[in-house]
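The values are calculated or read from the model by the stated rules, or taken from the named source; none is laboratory data. Note that the structure is predicted; figures quoted are calculated from it, not measured. Cβ placement follows ideal geometry from the backbone for every residue including glycine, while neighbour counts extend to all protein chains displayed. Only protein heavy atoms, including side chains, enter the accessible area calculation; ligands, DNA and RNA are left aside. Shrake-Rupley method; radii C 1.70, N 1.55, O 1.52, S 1.80 Å.
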Amino acid sequence: MSEALTMFIVMRKDLLRTLNWPVGSVITQGCHATAAALWTYREDERVKQYMNDIDTMHKVTLETKNEASLLKIADDLKEKHVPFYLWTEQPENIPTCLATVPVMRSSLGDALKKCSLMR
């Protein structure tokens with residue numbers, strides 16, 4: 001079986017556990033980042049391929065500790081030339097999550113190694 005294109009969404013777990021954001025608000029942040037990544041990179045061939053088969057989309061939602069760890073992941077993805085969208089909630093200017101374009105997991109290297117599945 002071949003590797004599937006997958007979007008990776010990385011959420012800050014401190015939004016729920018420390019800052020006491022409502023669950024719905026945190027979920028919405030991930031939705032914003034995902035939509036923004038797909039729209040921003042809509043001409044990317046991986047996005048086109050992913051969107052041409054919407055019944056078999058793959059997404060993995062991960063969590064990271066806080067803003068600093070989210071920004072470190074963003075830097076790591078930049079170094080690996082993995083396109084992503086970092087969602088920053090306005091008007092507060094708070095980076096809340098990021099979403100990659102659809103990629104093969106193997107192309108991420110160790111950029112997301114410190115993340116765990118969001119629970």
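Filtered by the rule that a residue be touching a residue at least 12 places away in the same chain (Cβ under 8 Å) and either over 11 Å from Met11 (Cα atoms) or of a type in the set (Phe, Trp, Tyr) (or both), region 25-45 gives His32, Thr34, Ala36, Ala37, Leu38, Thr40, Tyr41, Asp44. The set of residues in region 3-52 that are open to solvent by 80 Å² or more (accessible area, probe 1.4 Å), among the polar types (S, T, N, Q) and in a helix (DSSP H, G or I) contains only Gln49.
Output yes when any residue across region 79-86 is closer than 22 Å to Thr18 by Cβ and among the basic types (Lys, Arg), and no when none is.
Our first condition is that a residue be closer than 22 Å to Thr18 by Cβ; within region 79-86, this holds for 86.
Right, trim to among the basic types (Lys, Arg) and you get none.
No, region 79-86 has no match at all.
Residues being assigned to a helix (DSSP H, G or I) and within 23 Å of Ile54 (Cβ to Cβ): count how many of those fall in region 68-105. Of the residues in that region, 1 qualify. Return yes or no: is Leu70 under 14 Å from Pro95 (Cβ atoms) and without any contact (Cβ under 8 Å) to a residue 40 or more places away in the chain? No. Taking (1) within 18 Å of Ala4 (Cα to Cα); (2) open to solvent by less than 70 Å² (accessible area, probe 1.4 Å); (3) at pLDDT 95 or above in turn, Ala74 satisfies each apart from (1). Test each condition in (1) over 16 Å from Leu108 (Cα atoms); (2) surrounded by 13 or more Cβ atoms within 10 Å (Cβ to Cβ); (3) of a type in the set (Phe, Trp, Tyr) for Phe84 and report the one that comes out false. (1) is the only condition that Phe84 fails. Please indicate, with yes or no, whether at least one residue in region 54-67 is part of a helix (DSSP H, G or I), open to solvent by 70 Å² or more (accessible area, probe 1.4 Å) and without any contact (Cβ under 8 Å) to a residue 24 or more places away in the chain. Yes, region 54-67 has at least one match.
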